[in-house]
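Data first, discussion second: the structure below is written as structure tokens.
The values are calculated or read from the model by the stated rules, or taken from the named source; none is laboratory data. Keep in mind it's a predicted model, so treat the numbers as computed, not measured. Reconstructed Cβ throughout: ideal geometry from the backbone, glycine too, with neighbour counts over all protein chains shown. Just the protein is used for accessible areas: all its heavy atoms, side chains included, with ligands, DNA and RNA removed. Shrake-Rupley method; radii C 1.70, N 1.55, O 1.52, S 1.80 Å.
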There are 4 protein chains.
Amino acid sequence: MSPLNKKQLDQIKDERRAQIKEAGLQLFARHGFGGTKTSMIAAEAGVSEGLIYRYFKSKDELFISIVQELMEEGKRETEEVPRLPGSPYEQIKSLTENMLSENKYAFMLILQAARKPEEIPEEAAKIFESYSAEVMIEPLVPVFIKGQESGEFIAGDPHQLLNWYMYVINSLILDEVGEKEYGAPSVELLMRMLKS
Amino acid sequence: MSPLNKKQLDQIKDERRAQIKEAGLQLFARHGFGGTKTSMIAAEAGVSEGLIYRYFKSKDELFISIVQELMEEGKRETEEVPRLPGSPYEQIKSLTENMLSENKYAFMLILQAARKPEEIPEEAAKIFESYSAEVMIEPLVPVFIKGQESGEFIAGDPHQLLNWYMYVINSLILDEVGEKEYGAPSVELLMRMLKS
Amino acid sequence: MSPLNKKQLDQIKDERRAQIKEAGLQLFARHGFGGTKTSMIAAEAGVSEGLIYRYFKSKDELFISIVQELMEEGKRETEEVPRLPGSPYEQIKSLTENMLSENKYAFMLILQAARKPEEIPEEAAKIFESYSAEVMIEPLVPVFIKGQESGEFIAGDPHQLLNWYMYVINSLILDEVGEKEYGAPSVELLMRMLKS
Amino acid sequence: MSPLNKKQLDQIKDERRAQIKEAGLQLFARHGFGGTKTSMIAAEAGVSEGLIYRYFKSKDELFISIVQELMEEGKRETEEVPRLPGSPYEQIKSLTENMLSENKYAFMLILQAARKPEEIPEEAAKIFESYSAEVMIEPLVPVFIKGQESGEFIAGDPHQLLNWYMYVINSLILDEVGEKEYGAPSVELLMRMLKS
DNA sequence: AATGAATGAGAGTTCATTCAT
DNA sequence: CATGAATGAACTCTCATTCAT
């Protein structure tokens, strides 16, 4: 039989790349960059250790590649908020719910990069900076102001309030929502911080 | 010259032990367990690398010893809250402020143990569990109930609300209050979560 | 369409084998055994990495096979010298020129095997020994003696003088005649070593 | 007993550094950069593999450090030639003898760097270039001219003749003067290339 | 017959721990 | 008691070789 054709090979390659990135995402998110050994990634992805290096030049590059992708995704999500249905309060509540549940790993990893830039590859730290808080918070400012005008949100500098709110959310995500007795706080409780 | 007597030797020993633990506390808090090299601890404590092993059997044991001590201190502080001056709201606000500023390193380390038990020595994780949330939250429940009765706090299961509140505080402490534009949220904003 | 017949298949096989050997020769000559990766050989030969192993059991065997072939070729050339036109001086000059230019790669590789037997497969080193200096020098002895008799060459033990002369030639070939300012020494200068 | 004092420790360090460099010199000279494994160096120096890294940041740095030292030594030796006793012919003969015997390893290594700059650390190649041929040949030009004037050496561009002569010497050194039947050519035979 | 994705042994390097002094 | 040179297990990464297609 003839060898696999180009399309099939490309598909395999894409799958493997995705597998390895997914494994990396989960492990980096949970154990940090230094705490994640390449052997762990290989095991989680179900491939040999050597194979990682056919798809990524180094552990650093794998990390960078993951961060890059996530930052872009995160940016897209935040920009989407003003177009969500409902009042400003409901829009931000939606984003909060999304961050706390669906995209947990992604946010965890992004925020780890933010917290200890000295422990991750330099280039990853740079990428993170370039998508800095501004980029992820700025799109929400108009939404928040609209909420203040309609009386849904408390008064105060919207940048500052949003920053603080995000700060709390981020911290919570990093806690990886343990299996504690009461679990993570309800979104409603958190929103009380902003509600007038 | 005659050799040091037993009392003097014991004093030197206690000092060295304390020096090393203090260095360990700060470094583990900042860089995590895996991110802290024994050479860093020796340098920070101003002793030789080898000396660490006269006072602690291993890096693991040093970490465990530090966690142990901090947990007891934390417990003492929480138990003190009902005896603080002011209303329940003010008492809990006091504790919050204390956790977010004065005892930062201690809390950072404790919480790091809490968050990533896989990354720390198994025994340290066990100690943490044994001082579990209950121990640190239970003493606050009566205070909170008193606050609900006087109308200062929102209604709801006090265990659950306190748990969630602590959860947020803990998360924030772990963020090591970066140099962000707006810094960490004001205690007042956080207290809005509980205030009726 | 019908499959290829046996003759056609054999031809393809011979071509492939030759392709791979030629690529190996150039790369081993330039980069040494250890410095040549199988991936480089595959790329240079324009075949897949796996295919090499259909034609040669291992990288070692490929190397051995190349050395083997070259040694035989070299032997044939040396044996040809007495039948070249011109005086003994001119005959040896001819051989010298040939070695320094036309068959450079071949000689380079042979001599690399000679110089660092530890770095090449053991069997290749053995083959080299078996074709040892004697085999390549002995045919030249009568030529040299004839030159001494006619007064063209200096006096002395012909074996020893030839050996030394070859030794210098071999060393020069191994230098791969760099792009130095003055390039490699002229054949005339070298021949001064032997000329009376 | 008190710990070793500073002087003693410095001596141990100097000894170890020298041990490791000496082992590196011999092995790099014989097997090339890539062909020399750190485990070989450790074994030859009689230390553990890890210890190498207390004295040199990397295998690259060890190599660079060795090349650096040798280049300076080589330069000093060449500059000394005009001050040697005897006629120009005897001075250059002296240098030749020295290169072919006493300082063999040093020259071997230097020349390996010269021959395959792409296979050694980039910085080592740069160092080599900076001490380029000029530096090692230029001091000999006046000596050679003096020899031409007195009729000891053949006529011709002194730069070119010296270059070629050195080229042959270098090539010979790289051959590591095997245990061949007749050994390396006598210095006298080589000098015939230059003698009028 | 041919491909190139996948493997795993072995290389260079780091760092907790030991030990001679 | 105190030192820091020395060790070796474990990590990241490379590359000859295998194997499903």
- Item | 22 Å Cα-Cα reach of C:Lys37 towards lysines, excluding residues that sit fewer than 8 places from it in its own chain | A:Lys57, C:Lys21, C:Lys57, C:Lys59, C:Lys104, C:Lys116, D:Lys37, D:Lys59, D:Lys116
- Message: For the rotation taking chain A to chain C, which residue of A has the Cβ nearest the axis, and how many Å away is it?
- Response: A:Gly50, 4
- Message: List, shortest first and in nm to one decimal, how far the label point of C:Gly156 (7 Å from Cα along Cα→Cβ) is from its counterparts in the other copies.
- Response: 1.8, 9.6, 10.1
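With a 1.4 Å probe on protein heavy atoms only, work out how much accessible surface A and B bury together, total over both chains, in Å² to the nearest 100.
On the way: alone 11390 and 11420 Å², together 19490 Å².
Separately minus together, A and B give about 3300 Å² buried.
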- Task: Quick one: with label points 7 Å out along Cα→Cβ, list the inter-copy distances for D:Leu84 in nm, shortest first?
- Result: 3.4, 8.5, 8.7
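Give a quick list of GluC sites (Glu not before Pro) in region A:2-107 that DSSP marks as loop, anything other than H, G, I, E or B, with at most 10 other Cβ atoms within 10 Å. Don't jump to the answer; show the numbers that get you there.
Working: sites: A:Glu15, A:Glu22, A:Glu44, A:Glu49, A:Glu61, A:Glu69, A:Glu72, A:Glu73, A:Glu77, A:Glu79, A:Glu80, A:Glu90, A:Glu97, A:Glu102; in loops: A:Glu49, A:Glu102.
Of the GluC sites (Glu not before Pro), not one in the loops of region A:2-107 has a Cβ with at most 10 other Cβ atoms within 10 Å.
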- Query: Pairing the Cα long axis of helix C:158-174 with the longest principal axis of chain C, what angle in degrees results, from 0 to 90 and rounded to the nearest 10?
  - Reply: 50
- Query: Distances from A:Gln11 to the same residue in each other copy, label points 7 Å out along Cα→Cβ, in nm, shortest first?
  - Reply: 3.8, 7.4, 7.9
- Message: For a quick check: with amide H placed at 1.01 Å from N, whose amide H comes under 5 Å from A:Phe153's, ignoring anything fewer than 5 positions away on the same chain?
- Response: A:Gln148, A:Ser196
- Item | Summed residue charge, Cβ within 12 Å of C:Gly24's Cβ, Lys/Arg positive, Asp/Glu negative | 0
- Message: Rounded to whole Å, give me the distance from the Cα center of region B:31-101 to that of region A:131-170.
- Response: 34
- Item | Mean ellipticity per residue at 222 nm, deg cm²/dmol - from DSSP H runs of n ≥ 4 across chain C, formula -39500 (n - 2.57) | -21500 deg cm²/dmol
- Taking only protein heavy atoms into account and a 1.4 Å probe, give the accessible area per residue of region A:1-56 in Å². 62
- Using a 1.4 angstrom probe and counting only protein chains, how large is the accessible area of A:Leu84 in Å², to 10? 60
- Query: Short version: ³J(HN,Hα) in whole Hz for each residue of region D:139-156, in order, from phi by Karplus 6.51 cos²θ - 1.76 cosθ + 1.60 (θ = phi - 60°), x for Gly and Pro, what are they?
  - Reply: x, 8, 4, x, 4, 5, 4, 4, x, 5, 4, 7, x, 6, 10, 5, 6, x
- Note on the structure: Ignoring ligands, DNA and RNA, the residues of region B:24-43 whose accessible area with a 1.4 Å probe is reduced by 10 Å² or more relative to the chain alone are B:Arg30, B:His31
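Between D:Lys195 and C:Ile145, what FRET efficiency comes out of the Förster formula 1/(1 + (r/R0)^6) with R0 = 22 Å and r the beta carbon distance, rounded to 0.05? Intermediate values should be presented prior to the final figure.
Numbers: r = 24 Å, r/R0 = 1.09.
For C:Ile145 and D:Lys195, the calculated efficiency is 0.40.
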- Query: What distance in nm separates the simple spin-label points at B:Glu69 and C:Lys75, each placed 7 Å from Cα in the Cβ direction?
  - Reply: 8.0
